[in-house]
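Student: To start, I am sharing the structure in question, which I have written as C-alpha cells.
Throughout, read-outs are computed from the coordinates displayed, never taken from laboratory work. Just so you know, these numbers come straight off a predicted model, no measurement behind them. Here the Cβ positions follow ideal geometry from the backbone for every residue, glycine too, while neighbour counts run over all protein chains shown.
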Amino acid sequence: MANSAAPNPAVAHRSNRLSGTIRIPGDKSISHRALMFGGLAGGETRITGLLEGEDVLATGRAMQAMGARVIREEGVWTVTGVGNGCLLQPEAPLDFGNAGTGVRLTMGLVGPYNFEAIFTGDASLSARPMGRVLDPLRQMGVQVSAAEGDRLPVTLFGPPIAAPIRYRVPMPSAQVKSAVLLAGLNAPGITTVIEPVMTRDHTEKMLAGFGAQLQVETDAAGVRTIELQGQGPLEGQAIDVPGDPSSTAFPLVAALLVPDSSVVIENVLMNPTRTGLIATLIEMGGAIDIVNPRISGGEDVADLHVRSSELKAVTVPPDRAPSMIDEYPALAVAAAFAEGETVMDGLEELRIKESDRLAAVTAGLKANGVDCTEGKASLSVRGVPGGRGLGSSHPAGVVKTHLDHRIAMAFIIMGLATEHPVTVDDSAMIATSFPEFIDMMTGLGARIELTRKAA
C-alpha cells in the first residue's frame with residue numbers, strides 16, 4: 001500500500017531545459033478495466049502496455065482472488081477469465097490499497113453475486129466515501145455493511161437474483177456509471193444508466209469490445225442513455241493500453257514551464273472525454289502540437305510535441321471539468337506561471353479524491369508564494385510569469401501531499417520552474433500511478449532530489 005513505505009521527501013530545483021522523447025505508462029482507467037473485464041470474460045485476454053502501478057495491480061489481485069488467472073511474461077499480461085456470472089467468493093478481504101477506481105468498480109462488479117465480499121483499503125482510501133456506488137447497489141437488492149459514512153471496510157452480500165435498475169447518475173462520475181453497468185452484467189434484463197453530463201466512456205467502449213449487448217443514445221440536450229443487457233457472454237480480447245492522459249499532464253506542463261524545453265510524449269490517449277487539459281493549455285498559449293493522430297484498439301491516440309511557452313490566464317468552463325478532473329492539480333501549477341488570473345470552477349469532485357485535492361492544491365500554492373483563492377468548488381490563481389519569487393526554502397513551505405500521488409507530482413514539476421526550490425513531504429505514493437515518474441523527469445533534465453526518511 002502507498003502509505004506503508006517510509007516517507008520519501010522530494011526537492012525540485014529550477015531546471016535549465018527539458019528535452020527528449022518519452023512514452024507515458026499505460027492509461028490507469030483502461031488498465032483497471034482491462035484486468036477486470038479480462039478476468040470476467042471467457043477465454044484469454046492479452047494486455048500490452050498495462051500500467052504496472054500499485055493501484056492497478058490491486059485490481060489484478062482481486063480478480064485472481066475471485067477465480068481469474070493473471071500472469072505476466074516479458075511485459076505481456078495474460079488473463080484467463082472465469083466467464084460472466086461465474087466469479088468465485090473471495091476467501092479473504094479484497095485489499096485495494098489506495099485504488100479508488102479499482103475498489104468502486106469492483107464493488108459494482110461483485111455486488112449482485114449471491115455471496116459475501118469484504119473490501120478494505122489503506123488509510124487514505126478508507127477516508128473516502130463509497131455511498132455514491134453503494135446506493136444503486138442497494139437498489140439492486142445488495143445488502144451493505146459499511147463503516148460510518150459509507151466508508152471502508154465495506155461488506156457486500158448480493159441477492160439470489162439481482163434487480164436491474166434504471167439509474168440517473170446524480171453527478172458527473174465515470175466511476176458511478178461504470179459501477180452500475182458492471183453490476184448490470186450479472187442482473188437479468190436491461191440495466192439503464194442515464195448520464196446528464198458525459199464522462200470518460202472507456203467502460204462502454206470496452207464492454208462492447210468484449211461482446212456485451214449495449215446501446216448508447218444521446219438526445220438533443222446531450223443526455224446519454226446507456227442500456228446494457230445483463231447475463232450475456234463476454235469473450236477475451238487483445239488490448240494495447242495507450243498512454244495515460246492524467247500522467248501525461250505532469251511532463252507536459254513541466255515542458256511548457258521550463259525555459260528552452262522541447263519534449264515529445266508518445267502514444268497518448270486522446271479520447272475526447274479525456275483531453276480537457278490539453279484544450280485548456282492550448283487556449284492559454286501552450287505550444288502543443290498533436291502529431292500522428294491514429295486509432296489504436298478503438299481509442300484515439302497521438303504523439304504530443306511540447307515546447308516552453310509564455311502562458312496567459314483563462315477562465316475554464318465548468319462543463320469541461322469531467323474531461324480533466326484528475327488534471328486540475330497540474331493545471332493549477334501551470335496557472336501559477338501564467339499572466340493574469342486563471343479561474344477554475346465546477347471542482348466539487350476534487351473534494352473526494354485521494355485527498356481533498358482542492359484544499360491540498362490551494363495550501364501548496366500558498367506555501368510557495370502563489371496568490372490564489374479557494375471557493376467551495378472553485379480555484380482562482382493569479383500567476384507570476386517566469387516564477388519570480390515563487391518556491392520556498394523555509395520549512396513552512398513544504399507541501400503536504402496527504403498521501404496523494406497527483407499532489408506530489410504537481411508540486412515537483414512546479415519546483416522545476418520556480419525561483420526557489422519546492423519541497424514535497426513525500427513522493428513514495430507516486431508509485432500507485434506512475435512508478436517511472438522521477439526517473440523519467442530526471443532523464444529529461446529535471447533537477448529532483450530524493451531524501452528518504454527512516455520508517
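Student: When DSSP assigns beta bridges and you keep just the ones with both residues in segment 16-151, what percent turn out antiparallel, to the nearest 5?
Tutor: 85
Student: Grab the DSSP H runs of the chain that are 4 residues or longer, score each as -39,500 (n - 2.57), total them, divide by all residues and round the 222 nm result to the nearest 500 deg cm²/dmol.
Tutor: Using -39500 (n - 2.57) per qualifying helix, the result is -8000 deg cm²/dmol.
Student: Sorting 217, 116 on the 10 Å Cβ count, fewest up front, what's the list?
Tutor: Sorted ascending by nearby Cβ count, the order is 217, 116.
Student: Run through the DSSP bridge list for segment 81-216 and note the antiparallel percent, rounded to the nearest 5.
Tutor: Restricted to segment 81-216, the bridges split so that about 65 percent are antiparallel.
Student: Would you please give the residues with an amide H less than 5 Å from that of residue 239, counting only those at least 5 places away or on a separate chain, with H modeled from the backbone geometry?
Tutor: Amide H to amide H, under 5 Å and 5 or more residues apart or across chains, residue 239 pairs with 46, 47, 48.
Student: Any chance you could give the angle, 0 to 90 degrees and rounded to 10, that helix 54-65 forms with the longest Cα principal axis of the chain?
Tutor: Here the helix axis deviates by roughly 10 degrees.
Student: Indicate the gyration tensor shape class of segment 359-410 (rounded, prolate or oblate), computed on the Cα atoms with a ≥ b ≥ c the square roots of the eigenvalues: a/c under 1.5 is rounded; otherwise a/b larger than b/c is prolate and the rest oblate. Please report the intermediate quantities before stating the final value.
Tutor: Working: a/c = 1.76, a/b = 1.05, b/c = 1.67.
Oblate, since a/c reaches 1.5 and b/c is not below a/b.
Student: How large is ³J(HN,Hα), in whole Hz, for each residue of segment 85-98 in order, when computed from phi with the Karplus curve 6.51 cos²θ - 1.76 cosθ + 1.60 and θ = phi - 60°, using x for Gly and Pro?
Tutor: Ordered by residue, 3J(HN,Hα) equals x, 10, 4, 9, 5, x, 7, 9, x, 8, 9, 9, x, 10 Hz.
Student: Can you classify segment 298-409 as rounded, prolate or oblate using the Cα gyration tensor, where a ≥ b ≥ c are the square roots of its eigenvalues, rounded means a/c under 1.5, and otherwise it's prolate if a/b beats b/c and oblate if not? Spell out each step's value before the answer.
Tutor: On the way: a/c = 1.44, a/b = 1.17, b/c = 1.22.
It is rounded, given that a/c, with a ≥ b ≥ c, falls under 1.5.
Student: Relative contact order for segment 28-240: what is it in percent, counting Cα pairs under 8 Å that are at least 6 residues apart?
Tutor: The normalised contact order for segment 28-240 reaches 22 percent.
Student: While we're on this one: Can you run phi through the Karplus equation (6.51, -1.76, 1.60; θ = phi - 60°) for segment 131-139 and list ³J(HN,Hα) in whole Hz, with x for Gly and Pro?
Tutor: Along segment 131-139, the couplings run x, 5, 8, 5, 4, x, 5, 4, 5 Hz.
Student: Now for a separate question. In debye to the nearest 20, how big a dipole does segment 28-240 give about its Cα centre with +1 on each Lys and Arg Cβ and -1 on each Asp and Glu Cβ?
Tutor: Roughly 340 debye for segment 28-240.
Student: Nothing charged except the Cβ atoms of Lys and Arg (+1) and of Asp and Glu (-1): what's the magnitude of the dipole of segment 206-264 about its Cα centre? Round to the nearest 20 debye.
Tutor: That gives segment 206-264 a dipole magnitude of about 80 debye.
Student: So what are the ³J(HN,Hα) numbers for segment 267-283, from phi and the Karplus equation (6.51, -1.76, 1.60; θ = phi - 60°), rounded to whole Hz, Gly and Pro as x?
Tutor: With coefficients 6.51, -1.76 and 1.60, one gets 6, 8, 4, 10, 3, x, 7, 10, 10, x, 5, 4, 4, 5, 5, 5, 4 Hz.
Student: Quick one: grab the alpha carbon gyration tensor of segment 28-240, order the square roots of its eigenvalues as a ≥ b ≥ c, and give me rounded if a/c is under 1.5, else prolate or oblate depending on whether a/b is larger than b/c.
Tutor: Numbers: a/c = 1.36, a/b = 1.09, b/c = 1.24.
Cα axes put segment 28-240 in the rounded bin.
Student: Using the Cα centre of the chain as origin and beta-carbon charges of +1 (Lys, Arg) and -1 (Asp, Glu), tell me which of 451, 78, 375 is placed farthest towards the positive end of the dipole.
Tutor: Going by the Cα projections, it comes out as 375.
Student: Please report the relative contact order for the chain, taking Cα pairs under 8 Å with a sequence separation of at least 6, and give it as a percent rounded to a whole number.
Tutor: Relative contact order comes out at 21 percent.
Student: Still on this structure: Could you pull out the chymotrypsin sites (Phe, Trp or Tyr not before Pro) across segment 101-207 that fall in loop regions by DSSP (anything but H, G, I, E, B) with no more than 15 other Cβ atoms inside 10 Å?
Tutor: For chymotrypsin sites (Phe, Trp or Tyr not before Pro) across segment 101-207 that sit outside H, G, I, E and B with at most 15 neighbouring Cβ atoms in 10 Å, the list reads 115.
Student: Which percent, nearest 5, of DSSP beta bridges in the chain are antiparallel? Could you put the intermediate results ahead of the total?
Tutor: Values: 60 of 79 bridges.
The answer is about 75 percent antiparallel.
Student: Under a straight-distance cross-link criterion of Cα-Cα below 16 Å, which aspartates and glutamates are reachable from residue 353, leaving out those fewer than 8 residues away in the same chain?
Tutor: 55, 122, 150, 326, 327, 404
Student: Angle between the Cα long axis of helix 100-110 and the longest principal axis of the chain, 0 to 90 degrees, nearest 10?
Tutor: 10
Student: So if I place +1 on the C-beta of Lys and Arg and -1 on the C-beta of Asp and Glu, and nothing else carries charge, what would the dipole magnitude of the chain be about its Cα centre? I want it in debye, nearest 20.
Tutor: The calculation lands at about 420 debye.
Student: Order these by the 10 Å Cβ neighbour count, fewest first: 202, 32.
Tutor: Ranked by crowding around the Cβ, least crowded first: 202, 32.
Student: Among 147, 268, 187, pick out the residue whose Cα is farthest towards the positive end of the charge dipole of the chain, where Lys and Arg carry +1 and Asp and Glu carry -1 on C-beta, about the Cα centre.
Tutor: 147
Student: Ok, one more. Pairs 312/376; 205/366; 312/366; 177/376; 28/400: which exceed 30 Å Cα-Cα?
Tutor: Beyond 30 Å between Cα atoms: 205/366.
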